[in-house]
Each structure stands twice: as structure tokens, then as C-alpha cells.
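Below you'll find the structure, written out as C-alpha cells, and then a few comments.
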Amino acid sequence: MTDNHVHSETATEIAESRTVDMKLEVAVIPVSDVDRAKRFYDGLCWRLDADFVRSDGSRAVQFTPPGSPGSIHLGTTSALLLIVSDIEAARAELLGRGVEVSDVFHPGAGPDGRLTGLDPERRSYASFASFSDPDGNGWLLQEVTARLPGRVDTDVTTFNSSTELAAALRRAGAAHGEHEKRTGGQRDEKWPDWYAEYLVAEQAGEAPPS
């Protein structure tokens with residue numbers, strides 16, 4: 001058996017065993033002065049995605065290099081963010097692989113500015129879980145189902161797997177059901193067009209079709 005054949009079989013096994021996409025999209029880099037760092041990255045003409053104060057008083061600043069699918073957060077400690085569409089499924093998969101993962105948590109008035117459990121409204125960007133590798137490198141899972149405006153290229157809509165696309169279609173289906181209720185309960189014969197508009201708007205962080 002050739003090395004190429006063995007490598008092909010291993011890649012196939014990994015693809016078949018994977019159930020949840022975990023996209024490395026953000027690296028948190030420690031800085032001593034957020035404003036100074038912000039001026040530096042702004043001077044590089046990196047896109048400023050966010051600059052706001054969280055409920056715990058900490059500041060969130062995110063930049064994205066031109067054309068990059070990944071971004072940086074300016075913080076006090078280093079960490080890597082994995083974006084998932086279903087945090088409970090992602091956590092279950094890691095546990096199944098023997099990884100020690102924290103309980104799911106969301107921002108709130110608890111210890112360290114967090115409360116145990118999913119965000120009560122299941123809002124995008126608001127549910128997390130964390131784990132570390134044997135060397136203490138920190139990883140943070142973040143559930144993102146709809147992007148905020150300005151966080152993605154509005155001219156491109158992509159899905160990295162059939163699992164991710166299926167989850168998006170389920171959300172579109174639920175939203176379309178509410179759309180049909182608002183329009184009198186009549187079947188929408190143009191539902192494929194509505195679904196397409198919904199998927200594009202969701203990824204771009206724009207308002208869904210009415």
C-alpha cells in the first residue's frame with residue numbers, strides 16, 4: 001500500500017467522522033494599550049469591525065486584514081476563537097474525543113462576567129465554551145448563526161460543508177414559515193427565491209427579506 005493511499009484513507013476517515021465545522025476566524029492578541037494598538041492597525045488600513053464596551057466593562061476591538069477570512073481581537077490575554085453554528089453539537093463532539101470542555105456560558109452578571117448556559121435568546125455571538133490544549137493554549141468556541149453588518153464581504157456567500165448549509169436552510173425554513181404567516185398563510189410559490197435572499201442577507205448581516 002502506498003503512502004498516498006494511506007494518506008487518502010486517513011483524510012477520508014477524518015472527513016466522515018467530522019460532524020461540526022469549527023472555523024478558526026479570530027485570534028485574540030494581548031496589547032498593553034488598546035488605543036495605541038487601534039491606531040497602529042488602523043494605519044495599516046485594516047477594516048475596523050467593532051469597538052464597543054461589553055457588559056462586564058471590558059472593551060472589544062476587532063480588525064480584519066484586507067481580503068482575510070480571519071480577524072484579530074485586541075485583548076489582555078491570547079486566545080483563538082473557533083466559530084461554530086451549533087455550540088452544543090460542537091461541545092458534544094469535543095467531549096466525545098476526550099477533550100475537557102467547559103460548560104456552555106453566556107455574558108452576564110456572574111463570576112468573570114459570565115453565566116452558565118446558552119444565551120437565553122440564543123442570539124448570534126452570545127454563547128461560548130472553552131478548552132485548552134496540553135500546553136495551556138486557550139481555545140474559545142463561539143456560536144455564530146447570523147453575522148453583524150460589516151463583518152463579511154456582502155458580495156460573497158459561502159458554506160464550507162453540507163452540515164453548515166443544512167443548518168442555514170433550517171433557519172431559513174423557520175423564518176419562511178413566519179413569513180407565510182404574516183402574508184395570510186398562503187403557500188409562497190416563490191419560496192426558493194425567498195430562501196436565497198435570506199441566506200445571502202444572513203451571511204452579510206443584513207435584514208432578512210420581508
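The values are calculated or read from the model by the stated rules, or taken from the named source; none is laboratory data. Predicted model only: the values in this text are computed from it and were never measured. Don't worry about glycine lacking a Cβ; one is built from the backbone with ideal geometry, like all the others, and counts go over all protein chains shown.
Structure values in brief
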item: Test for Arg91: is it within 24 Å of Leu165 (Cβ to Cβ) and either without any contact (Cβ under 8 Å) to a residue 60 or more places away in the chain or not polar (S, T, N, Q) (or both); result: yes
item: Criterion (of a type in the set (D, E, K, R) and closer than 15 Å to Val144 by Cα) met by exactly one of Glu206, Glu178; result: Glu206
item: Residue in segment 27-37 that is charged (D, E, K, R) and touching a residue at least 24 places away in the same chain (Cβ under 8 Å) present; result: no
item: Residue check for Ala50: touching a residue at least 60 places away in the same chain (Cβ under 8 Å), within 19 Å of the chain's Cα centre (by Cα) and not in a helix (DSSP H, G or I); result: yes
item: Entirely in segment 56-153, the strands (runs of 3 or more DSSP E) that have 2 or more residues that are over 14 Å from the mean Cα position of the chain (by Cα); result: 59-64, 71-75, 105-107, 114-116, 128-132
item: Contacts under 9 angstrom Cβ, first residue in segment 122-150 being over 17 Å from Pro107 (Cα atoms), partner charged (D, E, K, R) and part of a strand (DSSP E or B), 6 or more apart; result: Leu148/Asp49; Gly150/Arg47; Gly150/Asp49
item: Boolean, Ala167 is at pLDDT below 85, under 15 Å from the mean Cα position of the chain (by Cα), part of a helix (DSSP H, G or I) and surrounded by 11 or more Cβ atoms within 10 Å (Cβ to Cβ); result: yes
item: Members of segment 71-126 that are within 30 Å of Trp46 (Cβ to Cβ) and small (Gly, Ala, Ser); result: Ser71, Gly75, Ser78, Ala79, Ser85, Ala90, Gly113, Ser124, Ala126
